[in-house]
Structures are given as C-alpha cells and as structure tokens.
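Undergrad: Would you mind keeping the following structure in view while I ask a few things?
Values quoted throughout were computed directly from the atomic coordinates according to the rules given, and no laboratory measurement underlies them. Since we're looking at a predicted model, the values are computed, not measured. Reconstructed Cβ throughout: ideal geometry from the backbone, glycine too, with neighbour counts over all protein chains shown.
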Amino acid sequence: MKNFTPAEKERLTELLSDDLELFGQIRELMERQTQLLSDDAETFDGLLDRREELAEKINGLHQETDPLMQSYVSSKNSDKDVENLRLKIKAEISYCENLNRQHSSLMKEKTRELSKEIDEKRSKREGIGGYAQAAPTTSMKFDNKA
C-alpha cells in the first residue's frame with residue numbers, strides 16, 4: 001500500500017476544486033436554460049454549446065484527476081478536503097442531472113404543443129383548400145349574373 005503524498009493531495013484538491021467550479025458553471029448555465037427554454041431557443045442553443053465546452057474541460061481535468069484519485073483511494077487515507085470536494089461535485093452532478101430531466105420533459109411537452117399546433121394549422125389549410133376547389137373560379141359565372 002502506497003502512501004498518498006502531500007504533493008498528490010494538494011494537486012488532487014486543486015483539480016477537484018477546478019472540477020467543482022466547472023460543474024458549478026454548468027449548473028448556472030442549466031438554470032439559465034430552464035428560464036430560456038420556452039422563450040428564446042437561439043440563446044438556449046448557445047448555452048448548450050457553452051455547456052459542451054465545459055464538459056470537454058471537465059474531461060480534460062479527469063485525465064489528470066483519475067490517476068491521482070486511484071492513488072488516493074488505494075492509499076486508504078481519508079482527507080477531509082478531498083472528501084468535501086468529492087461530495088460537492090457529486091451534489092452538483094446530481095443537481096444538473098435533475099435539471100437535465102426537467103429540460104427533457106419541458107422539451108417533450110413543447111414538441112407536443114408544436115406538433116398539435118402544426119396539425120391544427122394543416123387541418124385548417126386543408127379545409128380552406130377544399131372550399132377553394134369547390135368555389136367557382138371562372139369569370140363566366142360572374143359575368144352571367146351581372
């Protein structure tokens with residue numbers, strides 16, 4: 001069993017803090033997305049792009065965090081700072097997952113509403129089209145009545 005060195009602890013704590021900050025930014029974006037979901041699709045899409053950028057940064061952090069975390073876990077040492085950061089990160093991830101489920105539900109509802117609206121407009125258009133075909137369009141009918 002290898003000891004978890006103070007330098008490794010310091011670096012892991014730094015990386016986990018960065019991780020937590022990035023997840024916090026994702027949470028803030030997702031909260032803004034919730035507000036924009038029904039109002040501003042273009043801004044919503046921009047926030048999705050930003051969220052993807054943050055996820056890529058988090059994946060980059062995990063390149064270095066994963067080996068340090070494995071070393072930490074295998075050392076059987078427990079560190080209050082590391083454990084607090086892990087719990088905070090876990091809470092951020094859970095919160096973001098819940099927001100993501102809400103967004104999916106809202107988007108499905110919005111899609112149903114738009115589909116219904118499109119179907120109603122199509123029905124009206126077809127009704128008008130049928131009426132227009134039945135109506136006389138030749139000028140001779142109008143000329144004879146005059």
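Undergrad: Within the bounds of the stretch 22-37, is there any residue that is surrounded by 14 or more Cβ atoms within 10 Å (Cβ to Cβ) and not in a helix (DSSP H, G or I)?
TA: Yes, there is a match, as at least one residue in the stretch 22-37 is surrounded by 14 or more Cβ atoms within 10 Å (Cβ to Cβ) and not in a helix (DSSP H, G or I).
Undergrad: Tell me whether the stretch 39-60 contains one or more residues that are among the hydroxyl-bearing types (Ser, Thr, Tyr), farther than 25 Å from residue 79 by Cα, in contact with a helix residue (DSSP H, G or I) (Cβ under 9 Å, 6 or more places away or on another chain) and part of a helix (DSSP H, G or I).
TA: Yes, there is a match, as at least one residue in the stretch 39-60 is among the hydroxyl-bearing types (Ser, Thr, Tyr), farther than 25 Å from residue 79 by Cα, in contact with a helix residue (DSSP H, G or I) (Cβ under 9 Å, 6 or more places away or on another chain) and part of a helix (DSSP H, G or I).
Undergrad: For the structure I just gave you, tell me whether residue 94 is without any contact (Cβ under 8 Å) to a residue 24 or more places away in the chain, farther than 24 Å from residue 13 by Cα, surrounded by fewer than 13 Cβ atoms within 10 Å (Cβ to Cβ) and among the hydroxyl-bearing types (Ser, Thr, Tyr).
TA: no
Undergrad: Follow-up. Please specify each residue of the stretch 69-106 satisfying the condition of being within 28 Å of the chain's Cα centre (by Cα) and either small (Gly, Ala, Ser) or outside any helix (DSSP H, G or I) (or both).
TA: 91, 94, 104, 105
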